[in-house]
Amino acid sequence: MLKPSLDHAAIAARVPHAGAMCLLDRAERWEDDSIVCHAVSHRDPANPLRRAGMLPAVSGVEYALQAMALHGALTGDGAAQPAGYLASLRGVTLAVARLDDRQADLRIVATAVAREARSFIYAFQISAAGQVLLSGQAAVILPEAA
């Protein structure tokens, strides 16, 4: 069952990223096993992931990780997702060198491959104006609660 969209403020309340590091602008929709988000922060000259005046395409992995964290919060117990540890990246394909030169919003799709209490694996794809910019798979481990 599709769930309603969320704005930036609602996303920021659910992910472990604050201020300018909360990169997602809105969550278009989500289901039990996937989420679709959008971002405009790739065009922001103050984006904290920019290096030497540009936003490298590999930075898109962070957009995907934030979509994964948001999905975990939305499909979990409703609490904000704690910060996790990136355990692995697999099959990452970069179709472009940078993201900041894209005028269209980024579309971030994350689909759960496997989920357990403190670990999960998602396949992800980031596109703009129908062009796939990067894709891959990420595994994240959450720390034990203190």
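The values are calculated or read from the model by the stated rules, or taken from the named source; none is laboratory data. Here the structure is a predicted model, which means the values were calculated and not measured. Heads up, the Cβs are rebuilt from the backbone with ideal geometry, glycines too, and the neighbour counts pull from every protein chain shown.
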Screening I126, I108, I141, I121 for residues that are of a type outside the set (S, T, N, Q), surrounded by fewer than 15 Cβ atoms within 10 Å (Cβ to Cβ), at pLDDT 90 or above and closer than 22 Å to R14 by Cβ leaves only I141
Residues located in segment 37-81, provided they are among the hydrophobic types (A, V, I, L, M, F, W, C), more than 12 Å from the chain's Cα centre (by Cα) and within 21 Å of S127 (Cα to Cα): V40, L49, M54, L55, A57, V58
Within segment 120-144, restricting to residues that are in contact with a Leu (Cβ under 7 Å, 6 or more places away or on another chain) and of a type in the set (G, A, S), the one that is farthest from V58 (Cα to Cα) is A128
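Confirm whether A73 is in a helix (DSSP H, G or I) and in contact (Cβ under 8 Å) with a residue 12 or more places away in the chain.
On the way: in a helix (DSSP H, G or I): yes; in contact (Cβ under 8 Å) with a residue 12 or more places away in the chain: yes.
Yes: the conditions hold for A73.
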Any chance segment 44-62 includes a residue that's modelled with pLDDT of 95 or more, crowded, with 17+ Cβ neighbours inside 10 Å and under 18 Å from L6 (Cβ atoms)? no
Checked segment 4-22 for anything over 19 Å from T75 (Cβ atoms), aliphatic (A, V, I, L, M) and out of contact with any Pro (no Cβ under 6 Å at 6 or more places or on another chain); matches are A9, A18
Is at least one residue of segment 16-37 within 14 Å of D105 (Cα to Cα), in a helix (DSSP H, G or I) and touching a residue at least 12 places away in the same chain (Cβ under 8 Å)? no
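Could you list all residues from segment 111-136 that are more than 19 Å from A97 (Cα to Cα) and not charged (D, E, K, R)?
Narrowing segment 111-136 to residues more than 19 Å from A97 (Cα to Cα): 111-123.
Listed by number, the residues that qualify are T111, A112, V113, A114, A117, S119, F120, I121, Y122, A123.
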In segment 1-28, which residues are within 16 Å of L65 (Cα to Cα) and of a type in the set (K, R)? R14, R26
Any idea which residue in segment 64-91 is modelled with the lowest pLDDT, counting only those that are exposed (fewer than 15 other Cβ atoms within 10 Å of the Cβ) and in contact with a strand residue (DSSP E or B) (Cβ under 8 Å, 6 or more places away or on another chain)? Y85
